[in-house]
Amino acid sequence: QVQLVESGGGLVQPGGSLRLSCRSSVSISSFYRTAWYRQAPGKQREAVAQIEGKDTINYLDSVKGRFTISRDNAESTLYLQMDKLKPEDTAVYYCRAERGSIWWGQGTQVTVSS
């Protein structure tokens, strides 16, 4: 059974950084698409960054140049490095993995506030 467990969220000041981790119970490289999504209060869940296939990476326009998605196959872990954080990045961040079926992590809260 596939389980995805996120960690690394927290409270950070504007301009700060956080790194989110998503540990998979099965080989992360077995998934066709792995991604980070986020959902802010009162808003729809949106895709922030994704890795498709071996190395095709896409980002939400508002995070380009600030966020970096990466994957460590040996550790079966997906990462999201978030720099220059803004208050509008505040949301619950979810890890998503797809290979036919889709699995989600439980989410981790990121709050950007002074």
Report the residue count in the stretch 35-71 for those that are of a type in the set (Asp, Glu) and at pLDDT below 95. 1
With the requirement that a residue be hydroxyl-bearing (Ser, Thr, Tyr) and under 14 Å from Thr68 (Cβ atoms), what does the stretch 79-92 give you? Tyr79
Please name all residue pairs, on different chains or six or more residues apart, with Cβ atoms under 7 Å, provided the first residue is in the stretch 67-88 and is in contact (Cβ under 8 Å) with a residue 12 or more places away in the chain and among the aliphatic types (A, V, I, L, M) and the second residue is assigned to a loop (DSSP other than H, G, I, E, B) and open to solvent by 70 Å² or more (accessible area, probe 1.4 Å). none
Just checking: which of the strands (runs of 3 or more DSSP E) contained wholly in the chain hold 3 or more residues that are surrounded by 15 or more Cβ atoms within 10 Å (Cβ to Cβ)? 18-24, 33-39, 46-52, 67-72, 77-82, 91-99, 108-112
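The values are calculated or read from the model by the stated rules, or taken from the named source; none is laboratory data. Bear in mind the structure is a predicted one, so any value in this text is a computation, not a measurement. Here Cβ is always computed from backbone atoms with ideal geometry, including for glycine, and neighbour counts include all displayed protein chains. Note: accessible area is taken over every heavy atom of the protein model, side chains too, but ligands, DNA and RNA are not part of it. Shrake-Rupley method; radii C 1.70, N 1.55, O 1.52, S 1.80 Å.
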